[in-house]
Amino acid sequence: MASTPDAPAEVQRGLQDIVALESHITFIDGKRGRLLYEGYDIRDLAEHSTFEEVAYLLWYGRLPTAEQLRDLEQRLAQLRALPEPVGRLIDTLPAESNPMDILRTVVSTLPMFEPSETQPSPNSIGGALRLTAAIPTMIGRFQRRRSQLSPLKERPDLSHAKNLLYQITGREGSDLDARAMDVSLILHADHELNASTFAARVTASTLSDLYSSITSAVGTLKGPLHGGANERVMEMIDEIGTVDRAEEVVKAKLARHERIMGFGHRVYKVEDPRATILREWSRRVGESAGNLHAYDVLQKVVEVVHREKGLYPNVDLFSGSVYATLGIPRDLFTPIFAASRVAGWTAHVLEEYRDLRLIRPTARYVGPVDQTYVPLAERTA
Ligand code: CMC
């Protein structure tokens with residue numbers, strides 16, 4: 001038998017438990033269910049902060065003063081408009097497209113109209129601001145286009161969360177709705193070396209530009225094991241129908257070895273702290289809308305999945321029910337995730353530029369060696 005090339009003995013599938021780099025941004029304590037941005041507990045941020053303040057924290061590594069926050073809010077509000085050709089592009093792409101495909105395409109197109117932002121730069125947050133400001137407009141423009149409605153005018157007077165809601169629904173929404181969206185944006189803004197952030201950092205580590213890095217991240221977030229799970233949670237709620245059927249439906253799924261969306265996590269071994277906060281918001285917005293159906297069904301699902309499988313909810317379990325109650329179409333749930341995570345992605349790309357090291361792991365080769373090349377004419381099937 002042919003000898004195999006030298007190879008590392010251990011393979012960590014999915015890079016599980018591999019410490020790939022040092023980061024200053026986010027700390028996850030998976031055993032205790034804690035999540036910190038730059039040392040600040042996510043529970044405090046969800047209680048007292050805003051998405052804009054959290055974005056500042058992620059980009060600069062410290063909380064802003066009142067003046068610095070006002071300045072950032074104004075800059076974000078002024079950067080919302082899309083270049084005319086980019087808006088027209090959204091209007092010409094197929095209306096039935098997956099909104100994440102639209103987002104990926106448009107994010108990659110934007111720098112062609114803003115060439116000054118395309119150079120990798122560790123200290124410039126210009127591209128981060130621009131993308132964070134523009135993504136809600138991209139999502140909203142596509143939603144209007146496929147609903148055969150004309151684009152909305154920018155509203156620089158609205159907060160980031162209110163603007164996102166307005167862009168999607170055409171309504172400002174109540175203060176409670178806007179706060180629910182704001183909290184959800186805070187909770188999704190960063191999560192250490194998750195798959196899409198890793199994709200962004202891999203791209204940045206080649207000294208590629210910020211927009212290419214974020215394009216990689218958007219494509220990675222699209223997958224149902226990462227960003228797409230909350231949409232599937234809503235499908236499960238439909239399948240269950242009434243609360244009294246939850247046990248039977250969940251048990252049948254587990255018997256078929258199906259994954260229950262919104263449960264389990266690579267890092268958390270207890271309940272994801274983001275799920276705990278969103279559960280409460282799911283109840284609040286449900287009560288305000290006079291419809292607790294999704295919340296009630298999910299509470300029962302949590303009980304059954306924990307009893308049968310010992311799994312805890314992750315952030316995706318209750319986010320979908322919050323968004324659905326706010327009137328957001330299901331296929332925009334993942335784009336909303338992107339509208340928040342872009343703050344973290346860009347913070348990580350800037351961090352990567354500051355401490356650059358090409359990310360290039362190795363594979364253990366398990367294919368054949370020493371094969372004899374047979375000329376094409378002599379090959380048989
Ligand atoms: N439903 C049923 N079984 C599960 C689930 C689930 N949701 N999650 C994990 N398991 C089981 C899995 O079948 C395996 O069992 P066994 O050892 O008997 O084969 C065991 O738990 C370990 O699973 P794993 O796939 O090795 O664990 P992982 O760390 O690779 O999985 C995960 C993490 C998030 C991909 C997984 O829990 C999952 O598929 N969850 C459902 C999708 C989901 O909710 N995704 C959102 C993740 S949170 C948002 C984000 O960070 O993007």
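The values are calculated or read from the model by the stated rules, or taken from the named source; none is laboratory data. All of these numbers come straight from a predicted model, not from anything done at the bench. Here Cβ is always computed from backbone atoms with ideal geometry, including for glycine, and neighbour counts include all displayed protein chains.
Please verify whether region 268-283 includes one or more residues that are within 14 Å of the ligand (Cβ to nearest atom), outside the structural domain of Asn194 (by TED's automatic domain parsing) and basic (Lys, Arg).
Looking for residues that are within 14 Å of the ligand (Cβ to nearest atom), outside the structural domain of Asn194 (by TED's automatic domain parsing) and basic (Lys, Arg), one finds at least one in region 268-283, hence yes.
Please specify each residue of region 266-289 satisfying the condition of being among the charged types (D, E, K, R) and more than 15 Å from Ala324 (Cβ to Cβ). Walk me through how you get there before you give the answer.
Of region 266-289, the ones among the charged types (D, E, K, R) are 266, 269, 271-272, 274, 279-280, 283-284, 287.
Once the filter is applied, which keeps residues that are among the charged types (D, E, K, R) and more than 15 Å from Ala324 (Cβ to Cβ), region 266-289 yields Arg266, Lys269, Glu271, Asp272, Arg274, Glu280.
Determine if region 195-206 includes at least one residue that is of a type in the set (Gly, Ala, Ser), within 16 Å of the ligand (Cβ to nearest atom) and buried (at least 23 other Cβ atoms within 10 Å of the Cβ). Break it down into steps so the answer makes sense when it comes.
Our first condition is that a residue be of a type in the set (Gly, Ala, Ser); within region 195-206, this holds for 195-196, 199-200, 204-205.
Subsequent filtering for residues that are within 16 Å of the ligand (Cβ to nearest atom) retains 195-196, 199-200.
Filter again for buried (at least 23 other Cβ atoms within 10 Å of the Cβ), leaving 196, 200.
Looking through region 195-206, at least one residue is of a type in the set (Gly, Ala, Ser), within 16 Å of the ligand (Cβ to nearest atom) and buried (at least 23 other Cβ atoms within 10 Å of the Cβ).
If I go through region 275-293 residue by residue, how many of them are closer than 14 Å to Met234 by Cα and crowded, with 21+ Cβ neighbours inside 10 Å? Walk me through how you get there before you give the answer.
Initially, region 275-293 is screened for residues closer than 14 Å to Met234 by Cα, giving 282, 292-293.
Next, only the ones that are crowded, with 21+ Cβ neighbours inside 10 Å stay: 282.
Residues meeting the conditions: 1.
Which of (1) under 14 Å from the mean Cα position of the chain (by Cα); (2) more than 30 Å from Leu21 (Cα to Cα); (3) away from the ligand (no atom under 16 Å from the Cβ) is the odd one out, the single condition Gly320 does not satisfy?
So Gly320 meets the others, but not (3).
What do you reckon, is Val250 closer than 25 Å to Ser184 by Cα and among the aliphatic types (A, V, I, L, M)?
Working: closer than 25 Å to Ser184 by Cα: no; among the aliphatic types (A, V, I, L, M): yes.
So Val250 fails the test.
Restricting attention to region 191-245, and to residues there that are charged (D, E, K, R), part of a helix (DSSP H, G or I) and touching a Ser or Thr at 6+ places or on another chain (Cβ under 8 Å), which single residue is nearest to Val342 (Cα to Cα)?
Arg201
State which residue is farthest from the ligand (Cβ to nearest atom) when the search covers only region 210-261 and only residues that are free of Cβ contacts under 8 Å to residues at least 12 places away in the same chain and of a type in the set (Gly, Ala, Ser).
The residue in question is Gly241.
Given the condition under 30 Å from Ala128 (Cβ atoms), basic (Lys, Arg) and out of contact with any helix residue (DSSP H, G or I) (no Cβ under 6 Å at 6 or more places or on another chain), answer yes or no: does some residue in region 249-270 qualify? Steps first, please.
Taking region 249-270 and keeping what is under 30 Å from Ala128 (Cβ atoms), we get 262, 265-268.
Then drop every residue that is not basic (Lys, Arg), which leaves 266.
Right, trim to out of contact with any helix residue (DSSP H, G or I) (no Cβ under 6 Å at 6 or more places or on another chain) and you get 266.
Yes, region 249-270 contains at least one residue that is under 30 Å from Ala128 (Cβ atoms), basic (Lys, Arg) and out of contact with any helix residue (DSSP H, G or I) (no Cβ under 6 Å at 6 or more places or on another chain).
Does Ile125 satisfy the criteria of being under 27 Å from Gln68 (Cα atoms), at pLDDT below 95 and of a type in the set (A, V, I, L, M, F, W, C)?
Details: under 27 Å from Gln68 (Cα atoms): yes; at pLDDT below 95: yes; of a type in the set (A, V, I, L, M, F, W, C): yes.
When the stated conditions are applied, Ile125 passes them.
Is it true that Tyr373 is without any contact (Cβ under 8 Å) to a residue 24 or more places away in the chain and more than 21 Å from Met181 (Cβ to Cβ)? First the steps, then the outcome.
Values: without any contact (Cβ under 8 Å) to a residue 24 or more places away in the chain: yes; more than 21 Å from Met181 (Cβ to Cβ): yes.
It is true that Tyr373 is without any contact (Cβ under 8 Å) to a residue 24 or more places away in the chain and more than 21 Å from Met181 (Cβ to Cβ).
If you scan region 336-375, which residues turn out to be more than 16 Å from the ligand (Cβ to nearest atom), assigned to a helix (DSSP H, G or I) and among the charged types (D, E, K, R)?
Let us first name the residues in region 336-375 that are more than 16 Å from the ligand (Cβ to nearest atom), namely 346-347, 349-375.
Checking the rest, the ones that are also assigned to a helix (DSSP H, G or I) come to 346-347, 349-354.
Across region 336-375, the qualifying residues are Glu351, Glu352, Arg354.
For region 219-232, indicate whether the set of residues that are at pLDDT 95 or above and over 19 Å from Ala189 (Cβ atoms) is non-empty.
The answer is yes, given that some residue of region 219-232 is at pLDDT 95 or above and over 19 Å from Ala189 (Cβ atoms).
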